[in-house]
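Participant: Pasting a structure here, questions to come.
Each reported figure results from applying straightforward, stated rules to the coordinates on display, with no laboratory input. Computed from a prediction, not measured in an experiment: that's the story for all the values here. Backbone-built Cβ (ideal geometry, glycine too); neighbour counts: all protein chains shown.
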């Protein structure tokens with residue numbers, strides 16, 4: 001893994017956007033997984049600016065959403081797909097055929113996971129998979145205890161994940177389960193990317209990158225990924241190599 005440290009969130013976001021720009025320049029038809037949440041917002045801001053300035057062309061690219069709250073879709077403010085539409089896809093009028101999200105309202109969630117796995121396989125695998133990190137070390141909605149060899153799946157949400165998610169909603173949701181790409185997808189992605197910022201996540205980043213490799217900290221899988229690019233700002237990196 002290649003750990004890159006930046007003085008602030010804006011510098012981190014610019015650097016992460018550059019890696020997406022670089023990927024699209026090298027392969028215009030890339031398949032990229034995007035996450036939702038606070039961490040990638042700055043990256044999307046830069047990517048939208050680049051696209052509107054004609055510096056990057058997403059017209060041939062394909063995208064998948066990392067995860068979703070079970071029972072929600074893009075019409076639910078606070079959902080993962082709503083976030084990605086709001087901050088990226090709708091701003092650039094990305095064609096619906098280029099984007100695939102989990103149908104988290106599907107009656108057969110296992111079948112939906114199989115469809116997502118097949119979609120990724122049919123497009124030749126993920127060229128880039130971008131993720132953040134949860135306060136408990138989760139990646140996407142791969143909660144502590146998730147096997148590193150798991151592909152797309154749905155599972156119960158950890159209490160801390162439910163608590164943190166409240167900030168994304170104006171009305172209190174009933175969150176119990178999530179559907180997500182798996183850690184095996186991350187391991188198989190040609191370029192796995194982790195974005196993290198802020199002192200509040202310094203402890204879990206240190207556990208994930210300096211601590212033991214364990215399913216109790218899903219993000220520790222990055223220790224096994226030689227092609228991984230990890231973007232950290234000063235606050236989140238302050239405890240690295242100090243524990």
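Participant: Which order do the peptides 186-192, 19-25 come out in when sorted by mean C-beta neighbours inside 10 angstrom, highest first? Intermediate values should be presented prior to the final figure.
Facilitator: Working: 186-192: 20.7, 19-25: 18.0.
Output ranking for 186-192, 19-25: 186-192, 19-25.
Participant: What number, in percent, do you get for the relative contact order of the chain if the mean sequence gap of Cα pairs under 8 Å and at least 6 apart is divided by its residue count? Provide the component values of the computation, followed by the final result.
Facilitator: Values: 488 pairs, mean separation 61.3, N = 243.
Averaging sequence separation for qualifying contacts and normalising by length gives 25 percent for the chain.
Participant: Going by C-beta contacts inside 10 Å, put 70, 160, 193, 131 in order with the fewest on the left.
Facilitator: Values: 70 21, 160 14, 193 26, 131 31.
Taking fewest neighbouring Cβ atoms as first place, the list is 160, 70, 193, 131.
Participant: May I pose another question? With 5 Å bins from zero, work out the P(r) of segment 11-210 over every alpha carbon pair and list the percent per bin.
Facilitator: 1, 7, 16, 22, 22, 17, 11, 4, 0
Participant: So what is the 222 nm mean residue ellipticity for the chain from helices alone, if each DSSP H run of at least 4 adds -39500 (n - 2.57) and you divide by all residues, rounding to the nearest 500 deg cm²/dmol?
Facilitator: Values: 7 runs with 71 residues, N = 243.
Only helices count here, giving -8500 deg cm²/dmol.
Participant: For 55, 201, what ranking results if the residue with the fewest other Cβ atoms within 10 Å of its Cβ goes first?
Facilitator: 55, 201
Participant: Sticking with this one: Roughly how many Å is it from the Cα centre of segment 58-95 to that of segment 132-188, as a whole number?
Facilitator: Computed from Cα coordinates, the inter-centre distance equals 17 Å.
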